[in-house]
Amino acid sequence: MPGIRVLTALDQARTQYYHFKAIVIAGMGLFTDSYDLFCIAPVMKLIGRVYYEPLDGSGGPGVTPPAVVSATVGVALLGAVAGNLAFGALGDRAGRRRVYGASLLLMVCSSVGSGFSVCRTRGCALASLCLFRFLLGVAIGGDYPLSATIMSEFANRRTRGAFIAAVFSMQGFGILASSAATMAVAAAFDRCTGRRAPLDTPEAADLAWRVILMIGALPAAVTFYWRMAMPETARYTALVEHDVVKATNDIGRVLTELNLGAVTEEEAAAFRRAAPAPPQLGRAASPPPAASYGLFSRRFLRRHGRDLFACASAWFLLDIPYYSSTLFQSQIYHPWFPPAGRVNAFQEAFNVAKFQAIIAVASTIPGYFAAVLLIDRVGRRGLQMAGFLLMAVFLFALAGPYDRYWRGHGADAWYIVLYALTFFSANLGPNTTTFILPAELFPARFRSTCHGISGAAGKLGALVGAIGFLWASQDRDRRKVLAGYEPGIGMKYALIILGGICLLGLAVTYAFTPETMGRSLEENESENDDSRSHATGEGDAGQQELVSSEVPKSPASVVSSHVSTSPIHPHRFSV
């Protein structure tokens, strides 16, 4: 019996225009994600000026209390955890394309809602902002598994890593767009209000931060039509819905240079030949049996539990130091920009956005570009290990002499270089590879769900880094603690712990993470299944059982058997 030749054609297809179009469509969600997540820092500066008094009673400009900032950041990350889990599961149950538009629509509505925030009194405005930021986090979290899964299922095996990395790299441009929009809004309001004195905050500042947040809805809204016009991925249609003819027709509409006419005829003929006899009078045809194991079964744990642990734990460990970057941003920011008491509200927001743009151009975007260039040459596992190792080295280099030197020398060139290299190493390695690997290691019917679980673990790590370490890094001497915080373990020890977490991520990657470079998605899946079967003593019988469980004995299943072009293990994918 023939296998699913359309999937083989996808793996062997040369790069076409639609691949780049899919990168933009899928990447625009991540572009919007980073815009919404990074614009909150200057927005908090404006909110502090509008709604609060100085924390130290000095008579300076108002400052948003750290607890309020932590709550605003935390609800978005908690929403992302929920979104990863909910939309990841829906992507496998209802289809990638159907859920894709829903997550983008929620992103647009919650971005607009964040700007409106219902009212203008402090308590009401902040409560409303937190509500819409939670919903925005749900949309952002939901976009991760869907974007990665869709791109992985459209791509060919040779450049799949680069395509998924290119989708993820749109985050860097989202940061840049966030900074540009914030600077433009702040400069326009500053000019229109007559360039007020530092402590003179006009009423228009309450409008400025709302405009900045609502601009984030524009890129998502622009791409909504193209997302809804995308066909369902051929792998989902063929392997989950078991409709090979529809999968072939759908992919033939967008990848026009594939020779799929003969494929359609051959597989349709096989479909007809494998059709069961009509039911006898008075007896209904029995439905195809359901898959024999589910996500929470022991069989799933044996076959894919190791990979899920590798993906989720690496993402969790990566996001702790990655989101802790705010710990030492202020050490660079303060020496280069005037203090808050010498600039007005719009100028302070402008300077914060300018600083974010500099960091994005100097380290974030170059790291993403390097990942796109190297991911299909070095491999996912190698880049992830190298990234964790380099992050640890640079964090230890910052931690060792911190109390003796770096504390008072934040403007030192070497300090800035080490900080930038920490970001560069993360984006070159684990920040990109943890997004790619879950989209390649799991069966089609679990792929989006497992990516969502991995992403949710990452966002829990982000909570630990962005909030837990922010408070823990405060000085042990109460006299040196920033206003609004409590004494902690100090920056030096916080950086040492973060470096140790990176080494733990390196160990987890070395021990548990497999390599997926150059292999088809079906080959990765079957290789994992086969190795687990041998490890548990199931052998060839276990592999045969997997085929029967993954592809039910229906007419569609006969033409839905996995095909591989691998010369090493051809028997694993034959019918």
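The values are calculated or read from the model by the stated rules, or taken from the named source; none is laboratory data. Note that the coordinates shown come from a computational prediction; the quantities given were computed from them, not determined experimentally. With ideal geometry, Cβ positions are generated from the backbone for all residues, glycine too; neighbour counts draw on all protein chains shown. We work out accessible area using only protein heavy atoms, side chains counted, and drop any ligands, DNA or RNA first. Shrake-Rupley method; radii C 1.70, N 1.55, O 1.52, S 1.80 Å.
Brief remarks follow.
- Rolling a 1.4 Å probe over the protein chains gives Trp336 an accessible area of about 150 Å².
- A simple count of charges around Asn156, restricted to other residues whose Cβ falls under 10 Å of its Cβ and scoring Lys, Arg +1 and Asp, Glu -1, yields +3.
- Glu241 contributes about 80 Å² of solvent-accessible surface, heavy atoms of the protein only, 1.4 Å probe.
- Ordered by solvent-accessible area of protein heavy atoms (1.4 Å probe), largest first, the residues Asp319, Asp477 come out as Asp477, Asp319.
- Relative contact order of region 1-144, defined on C-alpha pairs under 8 angstrom at six or more residues apart (%): 27 percent
- Pairs from Lys354/Lys492; Lys21/Lys246; Lys45/Lys354 whose Cα-Cα separation, in the structure shown, is over 24 Å: Lys354/Lys492
- Relative contact order of region 1-86: 14 percent, from C-alpha pairs under 8 Å at least 6 residues apart in sequence.
- Packing here is the average count of other Cβ atoms within 10 Å per residue, and on that basis the peptides 35-45, 499-509, 381-391, highest first, run 35-45, 381-391, 499-509.
- Per residue accessible area in Å² of region 33-126, where ligands, DNA and RNA are left out and the probe is 1.4 Å: 37 Å²
- Within straight-line reach of Lys459, meaning a Cα separation under 22 Å, there are no lysines at least 8 residues removed in sequence or on another chain.
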